[in-house]
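For reference, the structure discussed in these notes is given below.
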Amino acid sequence: MPKVTVDGVEVEVPAGATVLQACELAGKEIPRFCYHERLSIAGNCRMCLVEVKPGPPKPQASCALPASEGQEIRTDSEMVKKAREGVMEFLLINHPLDCPICDQGGECDLQDQSVAYGKGNSRFHENKRAVTEKYMGPIVKTVMTRCIQCTRCVRFAEEVAGVPEIGAIYRGENMQITTYLEHAAQSELSGNVVDLCPVGALTARPYAFEARPWELKKTFGIDVMDALGTNIRIDSRGRQVLRVVPRVNDDVNEEWASDKTRHHVDALVRKRLDRPYVRKQGKLVAASWDEAFAAVAEGVKKAGSSVAAVAGDMLDCETMYAARELVKSLGGTMFEGRQTGLAYDVSNLAAVNFNSTIAGAETADVILLVGTNLRWEAPLINTRIRKAIKKGAKVFAIGPETDLTYKVEWLGNDASLLSNLPKPVIDAFKGAQRPMMIVGGGVLGKDGAHGDTLALVDTLGLIKDGWNGYNVLHFAAARMGGLMLGYAVDGGIRAMAAAQPKLLFSLGADEVDYDLFKESFIVYVGHHGDKGAHAADVILPGATYAEKAGTWANLEGRVQFGEKAVFAPGDAREDWSIFRALSQIVGKTLPFDSFEALRAKMAADVPALGAEGLVGYEWAPPKLPTGASGELAYPIKDFYLTNSICRASPTMQRCSAELVHGEEFAEAAE
């Protein structure tokens with residue numbers, strides 16, 4: 001490891017580190033615009049200039065210069081100060097003074113660094129150039145006159161998202177960044193370029209002119225749009241969430257978030273259930289809480305012990321636990337969370353877990369995808385697979401062919417391939433150090449396919465010392481938490497329906513086929529007027545993930561806690577408190593009076609849910625039927641409309657129409 005001296009302080013740096021990284025290890029702040037830790041080095045903004053000896057007697061770009069033994073680096077010399085002032089002067093030649101009306105104002109790198117490292121005055125009096133606006137789709141708003149050509153967006157689109165549709169045209173002063181033919185960026189990760197842009201050239205279209213960053217209350221939360229458990233920051237003003245941005249967590253989402261995670265927030269105030277409803281003479285009528293509870297109590301009395309609960313895809317563990325305890329106290333034993341009819345075996349949670357871990361996926365060297373469209377089911381696992389490929393990994397896939405943004409050897413779309421893999425695939429796995437198989441929802445819903453994939457564990461050598469390469473990919477945020485709490489009936493939702501429970505608690509379950517429960521009295525506890533609410537006999541308005549604290553377990557069994565950002569609208573209440581109040585009405589009072597007491601009780605019953613972190617499941621796979629055949633189908637048909645919140649979001653509807661269904665939208669001239 002080379003030793004370098006930074007401003008008179010000697011530091012030891014890892015081999016291969018750059019001078020910029022060496023300076024940061026020494027505690028020095030180096031300004032930059034084009035450099036980003038997760039992108040390739042471009043070296044084109046020149047803001048990170050430092051003085052290095054031995055070397056030419058001029059400032060050098062620290063981001064592109066390797067640190068080597070014996071270097072003397074100066075970050076505070078007069079030469080460096082003057083050079084940075086000169087670079088900033090050039091950057092501001094054409095940059096407009098849009099700060100008062102720019103959405104980046106207050107969190108803009110150019111603003112901050114011009115104050116810290118700029119000259120304070122300009123010597124240029126020529127007219128500034130102007131660039132026509134570019135259309136990048138319903139997520140990204142452009143004001144390209146502000147662009148400083150750092151090319152972060154270009155590198156992100158090509159290297160991380162894998163959709164190389166953003167690039168530069170023309171040269172020199174006339175250079176412009178744009179999408180190919182100015183079409184919408186066809187990526188489910190396009191919103192990340194807004195965070196990457198160091199100026200206000202790319203901003204969030206749905207958030208445009210909504211708020212200033214200093215007006216917003218910032219709350220740490222967990223995303224519920226998929227099963228990844230993306231760490232997010234919820235920015236709210238008053239009682240409304242205005243935006244969601246990712247937090248850095250290298251084990252989960254790095255610092256990225258999907259477009260669905262970022263821009264579903266406009267639905268948190270639309271189509272909301274903000275008061276109780278009771279069905280009278282076939283129609284849902286607004287009611288008071290007392291009237292709604294009385295109707296439920298009457299239903300409980302008639303149902304006896306024939307009570308069941310079905311959980312939706314976005315629920316926190318506390319809600320599921322409170323509902324479970326209430327149903328159990330009434331004598332019910334049926335709990336299900338797999339709304340769409342999946343009925344896979346859950347006797348060993350390791351057999352339905354993402355065992356390689358999300359971060360571990362990028363270290364795999366041979367990968368088999370079975371019945372999963374990773375790009376829609378877990379976009380940020382797809383980015384990890386792209387990293388693995390850059391390190392030399394080979395990817396095989398069984399399922400309908402689709403563009404996953406990287407090279408895949410498609411083996412066909414027949415489940416019988418699982419019991420008869422081609423020899424080249426088996427040979428590739430034999431030589432692998434970290435082999436990995438990812439099993440998607442297209443497999444879990446087919447008879448015998450889950451057993452076939454488990455049978456491949458030994459064939460492909462997926463289990464090695466310190467490595468488990470068998471992975472099941474869920475795409476519902478509540479799935480692993482629900483399985484840990486016992487929300488799984490043998491035979492799935494159809495077996496539950498066959499028992500015809502007289503009373504069914506629907507916990508935000510909007511994907512259920514309610515025709516199966518025509519004889520049941522349905523109590524819907526949820527937040528949006530979607531399919532579940534339409535089928536209900538009583539509606540008790542609940543809270544979204546942003547309106548309550550909660551515990552979520554992601555697809556790798558990682559337990560994470562989210563905080564409450566805003567209050568639920570109208571008469572809506574946090575879900576756990578609804579079950580606590582209802583338990584008192586029906587004479588089965590639950591043993592907790594506060595959220596803290598509920599969480600403590602849940603942790604006592606299910607210790608794994610009591611502390612943040614990865615839960616380790618012992619590998620003891622069940623012996624399941626094998627011999628699947630027939631075509632596989634991907635469970636997600638429209639990435640942008642997978643749940644009740646997304647379906648209520650104008651932004652997600654626009655994304656679906658334009659990016660999935662190819663509709664064209666005329667843009668007004670600005």
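The values are calculated or read from the model by the stated rules, or taken from the named source; none is laboratory data. Not measured: the values here are computed from a predicted model. Ideal geometry is used to build each Cβ from the backbone, glycine not excepted, and the neighbour counts take in all protein chains shown. Note: accessible area is taken over every heavy atom of the protein model, side chains too, but ligands, DNA and RNA are not part of it. Shrake-Rupley method; radii C 1.70, N 1.55, O 1.52, S 1.80 Å.
In this simple spin-label approximation, Met144 and Met175 carry label points 7 Å from Cα along the Cα→Cβ vector, and these lie 1.4 nm apart. In plain terms, the bigger the Kirkwood radius, the slower the diffusion; for region 67-202, with that radius from Cα pairs, at 25 °C and 0.890 mPa s, Stokes-Einstein puts D at 149 µm²/s. Taking all protein chains as they are arranged and a probe of 1.4 Å, the heavy atoms of Val615 leave approximately 30 Å² accessible to solvent. With a ≥ b ≥ c taken as the square roots of the eigenvalues of the C-alpha gyration tensor of region 444-556, please select rounded if a/c is under 1.5 and otherwise prolate if a/b is larger than b/c or oblate if it is not? It comes out oblate by the Cα gyration axes. Taking θ as phi - 60° and the Karplus parameters 6.51, -1.76 and 1.60, the scalar couplings of region 259-275 work out to 4, 5, 4, 6, 10, 7, 5, 5, 8, 5, 10, 10, 6, 7, 8, 10, 7 Hz in sequence order, x denoting glycine and proline.
Computed from the C-alpha gyration tensor, the three semi-axes of the ellipsoid equivalent to region 294-397 are 42, 13, 12 Å, from longest to shortest.
Surface listing: Lys82, Lys394 arranged by accessible area from highest to lowest gives Lys82, Lys394, probe 1.4 Å. Once a ≥ b ≥ c are taken as the square roots of the eigenvalues of the Cα gyration tensor of region 248-327, is the result rounded (a/c under 1.5), prolate (a/b larger than b/c) or oblate (a/b not larger than b/c)? Oblate shape, in that a/c is at least 1.5 and b/c is the bigger or equal ratio. Per residue, the accessible area of region 325-405 comes to 28 Å², computed with a 1.4 Å probe over protein heavy atoms only. The length gained on full extension between Glu519 and Lys82, counted as 0.36 nm times the residue separation minus their Cα-Cα distance, comes to 149.4 nm.
Residue-wise HN-Hα couplings along region 429-442, as the Karplus relation 6.51 cos²θ - 1.76 cosθ + 1.60 with θ = phi - 60° gives them from phi, are 6, 4, x, 7, 8, 10, x, 8, 10, 10, 9, x, x, x Hz; Gly and Pro carry x.
Note that region 574-670 presents 53 Å² accessible area per residue, ligands and nucleic acids not counted, probe 1.4 Å. Thinking of region 331-469 as a set of Cα atoms, what percent of all their pairs are more than 28 Å apart? Value for region 331-469: 14 percent of Cα pairs lie more than 28 Å apart.
Take every Cα pair under 8 Å whose residues are at least 6 apart in sequence, average their separation, divide by the length of the chain, and the relative contact order is 14 percent. Under the criterion of Cα pairs below 8 Å and six or more residues apart, the relative contact order for region 4-110 equals 28 percent.
Restriction of the trypsin sites (Lys or Arg not before Pro) in region 398-461 to DSSP coil positions whose beta-carbon has at most 15 other beta-carbons within 10 angstrom yields Lys407.
Taking 0.890 mPa s as the viscosity and 25 °C as the temperature, the Stokes-Einstein diffusion coefficient of region 1-110 based on its alpha-carbon Kirkwood radius rounds to 165 µm²/s.
Pairwise Cα separations in region 575-628 fall into 10 Å bins from 0 onward with the following percentages, short to long: 19, 31, 21, 19, 10, 0.
Here the chain has an Rg and Dmax of 27.4, 89 Å, counting Cα atoms alone. Give me the percent of the accessible area of the chain that comes from carbon and sulfur atoms, probe 1.4 Å, all protein chains in place. The nonpolar share, carbon plus sulfur, comes to 50 percent.
Tell me, how many Å apart are the Cα centres for region 184-221 and for region 489-535? If you average the Cα positions of each part, the centres end up 37 Å apart. Straight-line cross-link reach from Lys260 at under 21 Å between alpha-carbon atoms covers these lysines, not counting any fewer than eight positions away in the same chain: Lys141, Lys218, Lys271, Lys531, Lys548, Lys564, Lys637. Diagonalising the gyration tensor over the Cα atoms of region 476-619 and scaling each eigenvalue by 5 before taking the square root yields semi-axes of 25, 21, 16 Å, largest first.
Mean projection of the Cα convex hull over all viewing directions, computed for region 173-267: 7.8 nm².
In the context of the full set of protein chains, region 226-324 has a per residue accessible area of 36 Å² (1.4 Å probe).
I need the shape label for region 353-433. Rule: rounded when a/c is under 1.5, else prolate if a/b > b/c, else oblate, with a, b, c from the alpha carbon gyration tensor. Here region 353-433 falls in the oblate category.
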